[in-house]
Structures are given as structure tokens and as C-alpha cells.
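First comes the structure, then the notes that go with it.
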Amino acid sequence: DVHGTRDGRWSAVHTSNELVELDESGECTTLHTGITGGPFVWCELGYALFLMSTTAKWAVYPERVIAWGSLCPPLPTYTGADLTANTTAAMDMFGDPISYPPPYGDVLGTRRAQVAIGVWESEKDRSIVYFSRPEHPHEFRLLSDFQMFAGRITLLAEVSRGLVIATDRAIFVDPIDAPLQR
């Protein structure tokens, strides 16, 4: 697995589960160990890299690697009695926002200060793009911050004024602070 960062560095995960950085001369510097589950899709947000496969999700920061979503606040757990006797519990349980860890997806991208994950639902022939909370890439509001598209998403690419979303049927542009354009 290899990923080219915006500043021209090459990052790779090789067969011994090490994240390495490759320089122009081909020299490898080991940054982190223990990254399992490839092959990955990658994206970067600020100084962090996010890697996802069908079995693993990793957040790579300069000083550490953690499971992507592990910084998400725990979900509230309530019993039926809690929900009927406590209106605050009912409001917490059914009201938005509740933050979830990132869903597993096929395509990653960024939009402003958010991570975008494209999830293909083959049985419904549609894709859903979920967005993390701005500046909180471990937290996703699955009930409120998403967009649906016909077909399978093949590309999520941030451009200077928005996000390009390509499916196997159409190309969409999600401009910053404006409604979705087709």
C-alpha cells in the first residue's frame, strides 16, 4: 500500500505491518508498527492520515497510531425503563446528534475539516457519503450528516471550493456553503 501526501512525501504500509516514509532516494524510515488489515484506502486531514480496509480502520498521527474511531465518545446505553421514566434519556437516545465511530467504506476523501467516507450499498444500488464532525474525524453523525447517490462511488476529491463526488453514473460537485450541484 502506498499513499502520496499533499506535501510530496510517500507513505507506505509494507508486509511486515510497518508504516514507512519513502524519500526521493528510495530510503525508508519506519514511522509506526502494527498496522494490519491492508489493502487500504487513504486520506489525509491536516497532519493526520486515515487508513481504512474492509477489516481495519487506523488514524495515524505523528506521535502515535490508534484505531480510527477510538476517540469517539461512548454511545449512551439505556434500558426500556430508562427511556420511559427519564425524558432526558429519551431525548439523548432519539435526538440528534449522537456521534458514532466511522462506518466501513470503500472510498475516503476530505471536505473542509471533515473526513468523507463513501459506502456502497449494493442491494439498493446506491452509495452514501458520511461526513465526520468538522475537526473531529473520529466522530460521525450517521443520522444527520450524509448524502445519498445512485450508483457506486468511485472518487471523493477535495477541490479548492468543494468536494467532487464521482459515481459510476454521474459526477457531482458539493460546493462549500451552497446546495449540491450536478
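All of the numbers you see were taken from the coordinates with simple rules; none came from a lab. Keep in mind that this is a model prediction, so the values were computed, not measured. Please note: Cβ atoms are built from the backbone with ideal geometry, for glycine as well, and neighbour counts cover all protein chains shown.
Among 39-47, 135-143, what's the highest-first ranking by average C-beta atoms within 10 angstrom per residue?
Ranking, from highest mean packing down: 135-143, 39-47.
Once you compute Rg and the Kirkwood Rh from C-alpha atoms, what is the Rg to Rh ratio for region 1-53? So for region 1-53, dividing Rg by the Kirkwood Rh gives 0.93.
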